[in-house]
1. Mind scanning K70/K389; K70/K130; K204/K335 and naming the pairs with a C-alpha gap bigger than 20 Å?
2. For segment 107-201, what does the alpha-carbon gyration tensor say about shape, rounded, prolate or oblate, given a ≥ b ≥ c as the root eigenvalues, a/c under 1.5 as rounded, and a/b over b/c as prolate?
3. Once phi is turned into ³J(HN,Hα) by the Karplus curve 6.51 cos²θ - 1.76 cosθ + 1.60 with θ = phi - 60°, what whole-Hz value does each residue of segment 35-48 show in order, with x for glycine and proline?
4. If the cut-off is 13 Å between C-alpha atoms, which aspartates and glutamates fall inside it for K796, apart from same-chain ones fewer than 8 positions away?
5. Under a point-charge model restricted to the Cβ atoms of Lys and Arg (+1) and Asp and Glu (-1), what is the dipole moment magnitude of segment 407-473 relative to its Cα centre, in debye to the nearest 20?
6. Could you compute how much accessible surface C655 exposes when probed at 1.4 Å, giving the result in Å² to the nearest 10?
7. What FRET efficiency would be calculated for the residue pair E123, A600, taking the C-beta separation as r and a Förster radius of 60 Å, to the nearest 0.05?
8. How do D761, D728, D188 rank by accessible surface area computed with a 1.4 Å probe, from largest to smallest?
Amino acid sequence: MPAPMEKTYEPRPVEQRWYDVWEAGGYFIADNKSTRPRFSIVIPPPNVTGSLHMGHALQHTLHDILVRWKRMSGYNTLWLPGMDHASIAVHYVLDRQLEARNLTRFALGRERFLDLAWKWKEESGGIILKQMRRLGVSCDWSRQRFTMDEGLSRAVTEVFVQLYEEGLIYRGEYIVNWCPRCKTAISDLEVIYEPRRGKLWYLKYPLANGGGFLSLATTRPETMLGDTAVAVHPEDERYRHLVGKSVVLPVLHRELPVIADPFVDRTFGTGVVKVTPAHDPHDYQAGLRHALPRIRVIDDDGKMTAEAGPYAGMDRFACREKLLEQLQADGYLAKVEEYEHSVGQCDRCSTVVEPKISIQWFLNVAPLAKPAIEAVESGRIQFVPDSFKKRYFEWMYNIHDWCISRQLWWGHRIPAWFCDGCGEIVVSRETPPACGKCGGPLRQETDILDTWFSSALWPFSTLGWPDDTEDLRAFYPTAVLITGPDIIFFWVARMIMMGLKFTGEVPFRQVHINGIVRDAGRKKMSKTRGNVIDPLELLDEYGADAVRFTLSSMAVPGTDIPFSSDRMKGYRAFANKVWNAARFVLGNLREGDGPAKPEAVDRLLAEGRSRLPLEDRWILHRLNQVSAELSQALDKFRFHDGSSQVYHFFWHELCDWYIELVKPSLGSDSDAERGSRVLVLIHVLDHALRMLHPFMPFITEEIWQRLPHEGESLTIAEFPKPRPVREDPAAAEEMQVLMDLVASIRSARAEMNIEQRKQLDACLVISNTRTQDLVLRNIAKVRNLAGLRNVELVSKISSDQGLLRGVTKAGEFGLDLKDAIDVRAERERLQKELARTRSEIEKISKKIADQEFLARAPEEVVLENRARHAELLERFQKLESTLGSLASQ
Ligand SMILES: [Zn+2]
Ligand SMILES: [Zn+2]
């Protein structure tokens, strides 16, 4: 026997207990031999250094809702979890540890550094996997993968070698983003561009043949030491006569040609630009067009090279200061302007990125892009929302070769070997013993692959590729990928290209792009703003179910999520509502009340629908409808619709009406009657829990286990299927009439501040005989729910009867207030409020008619005023009519 239910729901102990049971029960483990339809999904692997943030919380919640729903709907379901080795992030963590010990990775050496990295991974990596469990994710942990696992590494090597053998991977010189602190080339995604208040320095370069200067502007004066030309636009009349002449580089006194090239922006600065092919990507391209030399003046550490003459060995920024002093002293500094421009910084360490020419490995992506474009164009892969397709195409049609090498150690070392004797390069699946050409010794490439390279193989490498495994056959292609909008290019597109290339199949059939979680004011969460919400704190305070429900209720496809703790409080209250409804039901069960099979309930309907109480027929009809609507919503990734349907059903139909209607009859009915009532009640609660389970797995499992039930766990119980016998539009319509009548009477009472406990006498005018019959049949329920004593059906409510009157779908009603309130005092109160409302309406009417106000006020203020105006008018009419019905007393 489980312990009795507490008055309020305490999430923490319940969550811990059930997660352990689920995991131990093996309910999340997929079966690769099953013949059931399959639903597979791979997790966007979090970084091994990662800790759960709101973005993960959202994504994992959405994944889990789908996976749980599919699992309960009879699918053989796989949610494959794992982690990414995250080269740069791990290097950053370890570099800081080494720094604290006055060490660098270079002092440590590659092998010892990698030992340290693996040790760190075993001891401190993957915290996030534990944190994910707290959220309730139903991952198949028996299939957990890591991008540097043996199998996944083999897949990386295989792909690299094949692409190299096909000539798609090559080595070349390239200008890359270089972080002088992390000492590696970094991808465009890892460069953060932030606007900075900087300066624009105007320098004067003397013309070589004497007689004047060319003035030009730069934001990075220290790079001038590497200038090999100055450039003007070919159609710029101001400088046409100088093209082909030379200028002299100040300080170093090198002669530079004046070239004409359309890449020059005539409106920037003076229209003359310095050209530094070794330190700027645009200049690099210009340098290639004009065969300019490339002089490297900044080294890998961000220090000036020997080419920088007197500044050799200085830090790049110290050099800038000294050089500017010199230029000023020599009269080469024309002027300085304040200038705001964006500066690229390393995502990891915020060091200003330096463009650098180096030899890198590249993947020629264009041939892979073609089929990947076709797969989306033809609809074999769908984007949800569809609009993200456009972004995908934009990138794919303008695709550049991908620089795949990184000068780091933690990651997949490139399987290439160099022979210094004859210059041969060997790319191989196995370590080659010696140079095949000259027999000389080989040394392996020290570079590793970009982390995204292994991520691109994730959907099939995790299932065992390159081997032909049972898992690969059973679960590939996966059904859907859920990910954020920021990595469509870096990850989604690359998975599509690699998947098609190496398996001949798309890696997934749908890509659902989720929104970004922002703060309540719709601002992006950031450490510097101090508005970061920690999901772990939310889990502690509100419980996993409330966190999940909040996130899913706000997950409108294609929009960002302004996260509000008010909603979270609301959904914690919802969890309590569910809890209390269950407490009530369980408290009214007796020994021998068995599990409620859906077939048994269907039989009741088939044997004699009319013998069942109206509310039973109605709730079964609604349960059936809502379960179908919920499945439709989830099928289209409309998580917010799904959660609002199940919320509305549970709270506003099941709790507010059904349970209230059933309450009085549970104790007193005859055994036979009670039997069918309890059967329906248990069934409805059981199936409502099933519908809620994907959103709120913990509380639903806890309650379901306490209900009479069959089966081990709600996790693997069947999701409600459509049952045509449940359809009962007539019952729905009739219930609507009764609910409307009760709700109108309740709101009339509330208007007069009459407590629900205070019983009133009422009269009803119902002209339609069928409605009359309906109300009479259910009069006890109406009386009970509306707080009425005597109810009389009359043909007309005469004005002198002195009743509070109201109109509903069923007809008219009159409530006798004589015993309930001091009618005179109430009338005075209403009159005062009426006067107050009138004057407020006048004020606001003037305002929204005022042209000047309309022109000046922000749009939302105008809208707010209009809405308030409409609201007041409605209030005024209501007060007037209430007063009218009291006036006759
Ligand atoms: Zn860095
Ligand atoms: Zn050789």
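The values are calculated or read from the model by the stated rules, or taken from the named source; none is laboratory data. The structure presented is a predicted model; accordingly, all values stated were derived computationally and were not measured. Ideal geometry is used to build each Cβ from the backbone, glycine not excepted, and the neighbour counts take in all protein chains shown. Note: areas computed on protein heavy atoms with side chains; ligands, DNA, RNA excluded. Shrake-Rupley method; radii C 1.70, N 1.55, O 1.52, S 1.80 Å.
1. Working: K70/K389 26 Å; K70/K130 24 Å; K204/K335 10 Å.
As for pairs spanning more than 20 Å Cα to Cα, those are K70/K389; K70/K130.
2. Details: a/c = 1.78, a/b = 1.27, b/c = 1.40.
Oblate shape, in that a/c is at least 1.5 and b/c is the bigger or equal ratio.
3. Values per residue, Gly and Pro as x: 9, 5, x, 10, 9, 10, 8, 10, 6, x, x, x, 5, 4 Hz.
4. E812
5. Values: 5 positive and 10 negative charges, 43 e Å.
Once rounded to the nearest 20, the dipole reads 200 debye.
6. 10
7. On the way: r = 55 Å, r/R0 = 0.91.
FRET efficiency, E123 to A600: 0.65.
8. Numbers: D761 45, D728 10, D188 110 Å².
Largest accessible area first, the residues go D188, D761, D728.
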